[in-house]
Amino acid sequence: MLDLSVGKCRFVLASTSDFDPQAHRRKIIATKYPNITKRYFQGIGEDVEIIKIEGSVELAPLIGLADAIVDIVETGNTLRENHLQVYARLQPVNTKLVVNRLALRQYQPQIKQLITNLQRADQQSGQSNLIKE
């Protein structure tokens, strides 16, 4: 319903400095986001093994659990702190207002008012970043 244009991040492929993304072998990729990771590697025609893990994903290449990771990055500080570098940017991510179709039918006036209030607040802040979709 609305692109809130906040929480801007990106999905990245990251690993240690000795990682070779061009190596002709099946790579092991650790991630919290297996579907996005699968789509990315299918899109570039590469067959990889995907390991779904939770917690500190950035540790996986450091301890030898995976060759690389796919994770969400905002500033990149955590990657740098763990001596990882970005090898590919997969896609941008940000916050959107999503409304269930049934809820939209049941609470249309309230939802439309919420959208109006968000747009008004955005205009008052001077940013005008909200985009209706």
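Here are the numbers:
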item	result
Positions within segment 1-16 being modelled with pLDDT of 95 or more and out of contact with any Pro (no Cβ under 7 Å at 6 or more places or on another chain), in sequence order	PHE11, VAL12, LEU13, ALA14
Filter pass, ASP47 being over 30 Å from ARG120 (Cβ atoms), modelled with pLDDT under 95, in contact with a Phe, Trp or Tyr (Cβ under 8 Å, 6 or more places away or on another chain) and not assigned by TED's automatic domain parsing to the domain that holds ILE115	yes
Failed condition for VAL6, given (1) within 18 Å of VAL86 (Cβ to Cβ); (2) within 20 Å of the chain's Cα centre (by Cα); (3) assigned to a loop (DSSP other than H, G, I, E, B)	(1)
Restricting segment 89-119 to residues that are surrounded by 14 or more Cβ atoms within 10 Å (Cβ to Cβ) and within 14 Å of the chain's Cα centre (by Cα), the residue that is modelled with the lowest pLDDT	LYS96
Close pairs from segment 21-33: first farther than 8 Å from ALA68 by Cβ, partner of a type in the set (S, T, N, Q) and modelled with pLDDT of 95 or more, Cβ under 6 Å, at least 6 apart	THR31/THR37
Elements of type helices (runs of 4 or more DSSP H) in segment 26-113, at least 1 residues being closer than 18 Å to CYS9 by Cα	34-43, 77-81
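The values are calculated or read from the model by the stated rules, or taken from the named source; none is laboratory data. Everything numeric in this text was worked out from a predicted model, so none of it was measured. Here Cβ is always computed from backbone atoms with ideal geometry, including for glycine, and neighbour counts include all displayed protein chains.
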